[in-house]
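Trainee: The structure's right below; bear with me while I get my questions together.
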Amino acid sequence: MKLQLLTLAATATLLLAPVRAQEITGLSGWNIVLDPGHSRTENMGVFNYSEAEKNLAVVLEMRRLLLEYTDIDTVYLTRDDATSQISLSDRSSYANSIGAAWFHSIHSNAGAPDRNGTLMLWGQLYNGQEKTPNGGQAMSAHMLPLLSRTMRIPQIDGSFGDCTFYGVCTSSWPGPYLHVNRETNMASELSESGHHTNPRQNQLNMNADWKRMEAKGLVWAILDYHGVGRTSLGEIAGIVKDAESGSPINGAAVEVNGDTYTTDDYASLFHNYSSDPDQLHNGFYYFDELAPGDYEVIVSADDFFGDTATVTITDTFFTFQDFELISSIMPAVVESTPEPNDSLEAGADYIYLRFNRPMNTPTVEANLSIDPDASLSTQWLDNSTTLRLGTSALDESTVYTLTLTADATDNFDHPLDGNGDGVSGDDFTLSFRTMAPDIYPPNVLQLYPSSSDNRVEREPIVGIVFNEEVSLATLGGRVGLRRSWDGAVVGGTFKTYHVDRKTVINFIPEDFLEPGVEYEVYVLPGVEDPKGNTTTQTYVETFAPEGFEEENFSVVDNFEGGVGDWWVPQQSGSSTGYLTLETSVASSSAYANPVRGGNKSMALDYAWDPSATSTLIREYKPTSLPKFSNDGVLNAYIFGDGGDNLFRFAVNDGD
């Protein structure tokens, strides 16, 4: 690919950006190549705003600031549009061909949704020394703290030589590790300004002025490196949040010195990245080019009480002023389980009351009653916005009315709006019926293996699923695995779980089964549910294991050491259609296969975005030992959640 359309020589660049009087001197004779990392929309963020888009906006603003406000000789870009696909080799070759003095590559990071921070990586050799020409390490020392303070996120990793950070350089491959450091003939470094897989960071990245702030912080670091002083600053920025939920507020109006900044909302920005008007928020506002002095900052938002603060500008950095507004909407029950006039199973189901805001929990419990009278256990969830009531004291086949009076309040002493009309001072009522007594015995929903299962392994994990929870004390001697021709019971390990109001039994044989011999998974009569209803039927499935599984096997990962180098789903650009705050991987001891030499497993928690058009979670392990042979068999033991989601392997069988 030819780069001349992207090459911005000094004369051409100055024509693209209006030039004002330069205020900062000291960069004359020096130039820099700014590289906006990936191309197009690569490395998509958790809310459909990519790393590549954010980086391009940052470098364009850095170029503008350097050319308009300093006497720098030239600012080159490796890419100045969102359509070109520029390779790593093209970037470094271009910088080398023009004899650039400096190379800076801008990126953002990826990881678990709760991870966010800055990172600097400079060119390093395997022996720990900095690449030549030097300078990247010193520049990184200036950039890291300024970038962290500007983005208001921690230095989560720090400033590292890239060989140290990745740990792969050797005397035979001496580094630097990163291509942009290794192949460039000038001092260089790479910045990571937060994680695009962090929900808060990705929503802030969408804001144009947030990216201007990142650019300004990086430019200030360049000035500091050269010992060039900054001009007086006049910057006020901050986040407007809901005081109770902590969620940023969309469409908040922030007034400073007669100018108004309105925080992003669905119509102005977020419709580009989500079909859900309530999904995205950043609450960010920004004012710059203010004269030194004190300013009154006035904030207002629909359905919130306004606020005002007097702010004195700090003339050496950004002045941050956040606001937490109190909702003016009165507290109300917005959802109940069961719904009005619906039913529940006494003792098995809970009553849920979900409020629109955190509640003063003692006032709720003191003003809650049920008719006919019964004692309900209480538990508060979700930051005191959800009340769960236990129903073990309720009678069956009975109509109940739950009442919460208007004397219940939120944490700001606002009384309950019981009927949800926006005016407080009335009671909330919920009528429902408890179900008739359970008189039916448990049924077996599934037995595994069965006669219809092909290629059953010689050490299967036997599965038995009941349609309801059963009494574990009644299982002894009634469930198991036996040889068909003589009824010999196979020894092994039982594990029992209650999942989604069902009982699941796993049985792991202690020895390999004989290939070609028929075995039976069985459930004999006499299994009871908690109501005492007893099975009278015998359930049997017959199967014959094959000999494809040898007793000599190699374990890829039994997770005894945790999840190790497995990526979190958010690190893969292939993962899509999931809710990031509810998606994670972790080591678990709840489910395991001890016969295979482990007492742990990897738990994948996930939730799908109901508005997504496609869904996929890619769980990736970058290294895999032992290697797979063409005639090998790959097994995974999976304890599913009953969601009928498909699972598949993708194995790199190369060298």
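The values are calculated or read from the model by the stated rules, or taken from the named source; none is laboratory data. Only a predicted model underlies this, so the values are computations on that prediction, with no experimental measurement involved. Here Cβ is always computed from backbone atoms with ideal geometry, including for glycine, and neighbour counts include all displayed protein chains. These accessible areas exclude ligands, DNA and RNA; they are computed on the full protein's heavy atoms, side chains included. Shrake-Rupley method; radii C 1.70, N 1.55, O 1.52, S 1.80 Å.
Trainee: Only helical DSSP H runs with n ≥ 4 go in: add -39500 (n - 2.57) per run for the chain, normalise by residue count and round the 222 nm mean residue ellipticity to 500 deg cm²/dmol.
Mentor: Estimated from H runs of four or more residues: -4000 deg cm²/dmol.
Trainee: Mind checking which of 83, 95, 43 is farthest towards the positive end of the stretch 30-130's charge dipole, using Cβ charges of +1 (Lys, Arg) and -1 (Asp, Glu) about the Cα centre?
Mentor: 43
Trainee: Angle between the Cα long axis of helix 51-69 and the longest principal axis of the chain, 0 to 90 degrees, nearest 10?
Mentor: Roughly 20 degrees between the two axes.
Trainee: If Lys and Arg each add +1 and Asp and Glu each add -1, what is the summed charge of the other residues whose beta carbon sits under 15 Å from the beta carbon of residue 38?
Mentor: -4
Trainee: Under the 0.36 nm per residue contour assumption, what length would be gained going from the current alpha-carbon distance of residue 48 and residue 317 to full extension?
Mentor: 93.7 nm
Trainee: Write down the Å³ per residue value for the convex hull defined by the alpha carbon atoms of the stretch 528-590.
Mentor: Considering the Cα atoms of the stretch 528-590, their hull volume per residue is 281 Å³.
Trainee: How would you order 108-117, 502-511, 530-539 from highest to lowest mean count of nearby Cβ atoms within 10 Å?
Mentor: 108-117, 502-511, 530-539
Trainee: What angle do you read, to the nearest 10 degrees and between 0 and 90, between the alpha-carbon axis of helix 88-97 and the longest principal axis of the chain?
Mentor: 10 degrees
Trainee: If the chain between residue 469 and residue 484 were fully stretched, how many nm would it gain, using 0.36 nm times the residue separation less the Cα-Cα distance?
Mentor: Between residue 469 and residue 484, full extension yields 2.6 nm more.
Trainee: In nm, to one decimal, how far is the modelled label at residue 498 from the one at residue 28, with both set 7 Å along Cα→Cβ?
Mentor: With each label point 7 Å from Cα toward Cβ, the separation is 8.1 nm.
Trainee: Right, something else. Please tell me the relative contact order of the chain in percent, rounded to the nearest whole number, where contacts are Cα pairs under 8 Å and at least six residues apart.
Mentor: Normalised by residue count, the contact order of the chain is 8 percent.
Trainee: In Å², and per residue, what accessible area does the stretch 29-83 have when probed at 1.4 Å with the other protein chains present?
Mentor: Computed with neighbouring chains in place, this is 28 Å² per residue.
Trainee: If N is the number of residues in the chain, what value comes out of its Cα radius of gyration divided by 2.2 N^0.38 Å?
Mentor: Normalised Rg, Cα atoms only: 1.22.
Trainee: Eigenvalues of the Cα gyration tensor times 5, then square-rooted: what semi-axes does that give for the stretch 392-433, in whole angstrom, largest first?
Mentor: Working from the Cα gyration tensor, I get semi-axes of 27, 12, 6 Å.
Trainee: Further question: Would you kindly work out the equivalent ellipsoid of the stretch 168-270 from its C-alpha gyration tensor and give its semi-axes, the square roots of five times the eigenvalues, largest first in whole Å?
Mentor: 37, 21, 11
Trainee: With an 8 Å cut-off on Cα pairs and a minimum separation of 6 or more residues, tell me the relative contact order of the stretch 228-287 in percent.
Mentor: Answer for the stretch 228-287 is 39 percent.
Trainee: Also: Please express the shape of the stretch 344-458 as an equivalent ellipsoid: the semi-axes are the square roots of 5 times the eigenvalues of the C-alpha gyration tensor, given largest first in whole angstrom.
Mentor: Semi-axes from the Cα gyration tensor: 40, 20, 11 Å.
Trainee: Could I ask something else about it? Quote the Stokes-Einstein diffusion coefficient, in whole µm² s⁻¹, for the stretch 98-173, based on the Kirkwood radius over alpha carbon pairs, a temperature of 4 °C and a viscosity of 1.567 mPa s.
Mentor: The Stokes-Einstein estimate is 95 µm²/s.
Trainee: How tilted is helix 208-225 with respect to the longest principal axis of the chain? Cα atoms for both, answer in degrees (0 to 90, nearest 10).
Mentor: Tilt relative to the chain: about 60 degrees.
Trainee: Quote the accessible area belonging to residue 183 in square angstrom, nearest 10, computed with a 1.4 Å probe and with ligands, DNA and RNA left uncounted.
Mentor: 80 Å²
Trainee: Over the stretch 425-510, what is the relative contact order in percent, taking alpha-carbon pairs closer than 8 angstrom and at least six residues apart?
Mentor: Across the stretch 425-510, relative contact order equals 28 percent.
Trainee: Here is a further query. Sorted from largest down, give the three principal axis spans of the alpha carbons of the stretch 220-341, whole angstrom values.
Mentor: Extents along the principal axes: 73, 30, 21 Å.
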